[in-house]
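Below is one structure, written out as structure tokens; comments come after it.
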Amino acid sequence: MEVVKTKSALRSARASLKGQTGFVPTMGALHAGHMALVEAARGRCAHVVASIFVNPTQFGNAADLEHYPQTLADDLDKLEAAGVDLVFVPNAAEMYPPDADTFVETPHLANILMGALRPGHFRGVATVVTKLFNLVRPDMAWFGAKDFQQVLVIKRMVADLEMGIDIIAHPTVREADGLAMSSRNLRLDPDDRHAAAILYQALQTAQATAAKGASANAIMEAARTVIAREPRASLQSLDLRDANSLQELPAEHALSAPAVCLLAAEFGPVLLIDNMVIDPTR
Ligand code: PAF
């Protein structure tokens, strides 16, 4: 496995990879969720490229950026064991020269929900992913479905800018108690880690309530009630939206098609997100 830190080294290493190339962009602190993306990419492509870059432009909050877990040596061991060919590990100066003046925006999808909670977040994601795509030039790229809105933003951007890359959302990988795997879980203290399982319980309740033919409002209320039982959870947002457009649904109607329940909650200083596609016929 080759590890490169500069754009020029990446370009020359990439040039020697012939055949279908899959890409898994990450911010490091790799867990089984990331490794499932790598494994899926390995199964479909002749070569796999990964990147590890904690992208400052997607963090509104300096403390969040500063505390983002960094486990580089361990990450590289995992990627090597998983058969990755090439890893790009740039620093911020390499990715953002001081005179850089271009951003990529998908305003309709990016300024709602998590984007309203974290202004500028998806602009930072879309910009860095565009840069990474231009550098790596993959045929396919894998993202975790836990970041539901991120996947929609990236798919929109790839379609609108004719990037010609297949974007694949891989199902969320969960801990035994249902907590979605996330690098941020490493920052939870033991009590918050235990409490955080409430998010999955709330999503399961949303699904069970929808299956009984309840209205969108009643589904959201049932999920909110579950989270309210956990005093360590500070609910930041809970929404039920159209799973393709993220538009609001009629509040008093039962679901006529699958919708997505998206939630965000703080446990101590750590913001966790999760989602589930809710199917009223299930
Ligand atoms: O999902 C992530 O880890 C990041 O948002 C990504 C896609 C690597 C961009 O920095």
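Structural remarks
- Here each label is just a point 7 Å from Cα along the line to Cβ, and for LYS5 and LYS212 those points are 5.8 nm apart.
- Portion, in percent, of the accessible area of the range 145-282 that falls on carbon or sulfur, probe 1.4 Å: 50
- Listed residues ALA63, ALA243, ALA210, most fluctuating in the chain (Gaussian network, C-alpha, under 10 Å): ALA63
- The range 1-104, accessible area per residue, ligands and nucleic acids excluded (1.4 Å, Å²): 48
- With 0.36 nm allotted per residue and the present C-alpha distance subtracted, the SER12-ASN244 stretch has 79.7 nm of extension available.
- Extent along principal axes [Cα atoms of the chain; Å; largest to smallest]: 56, 41, 39
- Computed E for LEU65/GLN236 - FRET, C-beta separation, R0 25 angstrom, nearest 0.05: 0.85
- In this rough spin-label picture, where each label sits 7 Å from Cα along the Cβ direction, the THR281-ASN111 distance is 3.7 nm.
- Per residue, the accessible area of the range 203-282 comes to 47 Å² when a 1.4 Å probe rolls over the protein heavy atoms.
- Spacing of the modelled spin labels on ASP101 and ALA254, each 7 Å from Cα toward Cβ, amounts to 5.8 nm.
The values are calculated or read from the model by the stated rules, or taken from the named source; none is laboratory data. Owing to the predicted nature of the structure, the values given are computational and were not obtained by experimental measurement. Note: ideal-geometry Cβ built from the backbone for every residue, glycine included; neighbour counts use all protein chains shown. Side chains included, ligands, DNA and RNA excluded: accessible areas come from the protein's heavy atoms. Shrake-Rupley method; radii C 1.70, N 1.55, O 1.52, S 1.80 Å.
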